Amino acid sequence: MSKKKKAALEAEQKAALEAAKAAEQENISISTESGDSVKLPSVKTQRTYFSKIDSSIMADIENGSPDSLRSAIASLRHTTSLDTEESAKVLTCVAAEIMKIVWTSEKVNWDIPVAPEDNPYIGALNSVKQSVFDLSTGNVDFLSTLLPSLVIFNKAYDFSALDNCEKAAKAALELRNNSVLANYVLSRVYEKKQKLEEAEKCLAAAYKSSPKTEEIALSYSRVLRNNGNLELASSVLGKISSGANDILVLKQNAYIAFDVKDYEAAEKYVAKVLQQTPNDLDFLLLRVKILIEKNDYIHAVSLLDVYARQDTDSIDYLLLRARVQLDWSKNTSEATKTIEYALHRYPENIDALMFAARISSETDSPVAGKYADELAAKVLEKRPGNQLAMTYALEGLIHRQNWQEAYNASKSLIAGGDVSSSVVEKYVNICLKLGRNNEAYDFAKKKFDANPSDEILLQTYILAYSSVGNRDSVLKYIDSLLSNSNCSSKVKSYLLYRRSFLQQTDEKKLADLRSSLIQNPRNSDSLFRLYELYYAKQDYRKAQYYLRQVVAINPNDSTILKLNEALTKLIK
């Protein structure tokens, strides 16, 4: 644009702006999806370059939904001569470009005239095509404010433009708060910034006004799914008119089915997607996830190998590879190497940090130089209150025998009231380590009384009762439970193990422990207790016999491995 034309345009815009500020726009009507006409609340809007265009047409353009754009162009043709009115030509081109850039599933069903390019609107759209956020529009009205933000729909846009896009969309909504287009643009900004709750609000507003627009419905369904509202996500998806075989609809259905754990349905959707796009690596990995959830590790590994021919650095691939190595191959060393590589490439990835914390909590060993509580702490910085991360943190503190910190962490976990039996067990054990025996007993009894059929709570209560009750009363209670025919072998094994601590001679202790192993040969507590008793007797051969069985049951426990290594050296 020449300097002379630009100065003239700025003068015209300034004059129109002053005129617009003098009065509020009157109530206007726009067409809805059903074709009806509804009144909109009056808004203050700045009419500049398009001041000669009827206000109701501008309202439809600024609303920006596909139907509103079509309605605006139809009205424009009846009220304006496109052959002579420059602003009408520009507005027609702007509407067409919005449709092409934003609403890609829609068709432009009107003729597009040749429009002059020396204006901020066409200039902003040309910049969008070049992946540039145009800062020179002047922001004098709704369109000059919002159009530069459409750069977010260009795949090659610069991520640094997100803040400008957010400011532009918010400013446009201040001018017309019911704009479908502005709400949709802002939702895309929020989604890319992982502000999913804010994105959902914008999409809810856009969807309410334009429920038949496929792009809005797909985005709304996706965000709802990510926010955990799977039922509404599925409902929104089901109303899309493009059909059940549309690739984008199939993908969303696959994700939703996977999230609700309907793996059979998820696999069918994934198969349909891969039939249409066999090289879709994301869905190849989704199929791997489904197979793992179905415990079909053989086929999962085969597909992972296929994926690895094209990409071995994807975070999803690395996480799945580590999971197979840990859960199926039982190769903790390789799983640790894989997740350490993942953390090297993606140090802030939540899923990688969580998996590393899991390995550390199971092995009592550092992963990437950090223990479970340290890894979980990084997750909790980003997701405060995450229960699984808090549990891993607690296990890490227990492994390192940091009892006071473990007590504080366990108090935070039980503060919610509804906690798992394993957390109750950990809390009681920590209290006992700190000498808080009465606190341990009171909490264990409260939880056991509320759910007496839970075997973990029963064992936890027995442990706590043993710390506060006298020997005879505890023995009597254990014997009464052992005589109960409904008592499972696993519980009987634990009861005999606990009773061994109350016996006064080694013979009776050993007898109870052997009986415990008859009930449950894999009771590692009883095996380890036998190791301790024989070690104390300096019968190292028998001690090693039992310790090796503990190692076989807990091959990743570094503490047990160190004890076994030390005992082996002692025997030699």
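See the values below:
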quantity	calculated
Mean separation of Cα contacts under 8 Å (6+ apart) over length of the stretch 299-450, as relative contact order %	12
Ellipsoid equivalent to the stretch 417-506 - semi-axes via the Cα gyration tensor, in Å	20, 17, 11
Pairwise FRET efficiency - VAL114 versus ASN386, Cβ, R0 = 45 Å, nearest 0.05	0.20
Charged-residue dipole, Cβ positions (Lys, Arg, Asp, Glu), the stretch 486-572 about Cα centre, Debye nearest 20	120
Degrees, to the nearest 10: 437-450 long Cα axis against longest axis of the chain	70
Neighbour net charge for GLU293 - beta-carbon separation under 14 angstrom, K R +1, D E -1	-1
Cα Rg, Dmax (largest Cα-Cα span) when computed across the stretch 281-395, Å	14.0, 39
Euclidean distance of C-alpha centroids, the stretch 418-436 and the stretch 508-572, integer Å	25
When the stretch 112-225 is reduced to its Cα atoms, the Kirkwood hydrodynamic radius in Å	14.3
Kirkwood-type radius of the chain, with distances r between different C-alpha atoms, in Å	29.2
Shape category assigned to the stretch 366-516 from the gyration tensor of Cα positions, a/c cut at 1.5	prolate
On Cα atoms only, tilt of 489-500 relative to the major axis of the chain in degrees	50
Carbon/sulfur fraction of accessible area - the stretch 148-234, other protein chains in place, 1.4 Å, %	46
Of all accessible heavy-atom area on the stretch 432-572, the percent that carbon and sulfur account for (1.4 Å)	48
Spatially proximal lysines relative to LYS294 (Cα-Cα < 21 Å; intrachain offsets below 8 disregarded)	LYS251, LYS261, LYS268, LYS272, LYS330
Prolate/oblate/rounded label for the stretch 497-572 (Cα gyration tensor, a/c 1.5)	oblate
Cα lying deepest toward the dipole's positive end in the chain, options SER65, LEU457, LEU286, charges on Cβ	LEU457
Helical contribution to [θ] at 222 nm, DSSP H n ≥ 4, -39,500 (n - 2.57), averaged over the chain, rounded to 500	-21500 deg cm²/dmol
The chain - accessible surface per residue (Å², probe 1.4 Å)	50
Using distinct alpha-carbon pairs, which all enter the 1/r mean, Kirkwood radius of the stretch 297-364 in Å	12.0
Cα-based helix-to-principal-axis angle, 524-536 vs the chain, degrees rounded to 10	40
Set of lysines with alpha-carbon distance to LYS411 below 18 Å, sequence-local pairs under 8 removed	LYS426, LYS433, LYS445, LYS446, LYS447
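The values are calculated or read from the model by the stated rules, or taken from the named source; none is laboratory data. Only a predicted model underlies this, so the values are computations on that prediction, with no experimental measurement involved. FYI the Cβ positions are ideal-geometry reconstructions off the backbone, even for glycines, and counts take in every protein chain you see. Each accessible area value is taken on the protein alone, full model and side chains, heavy atoms only, with ligands, DNA and RNA left out. Shrake-Rupley method; radii C 1.70, N 1.55, O 1.52, S 1.80 Å.
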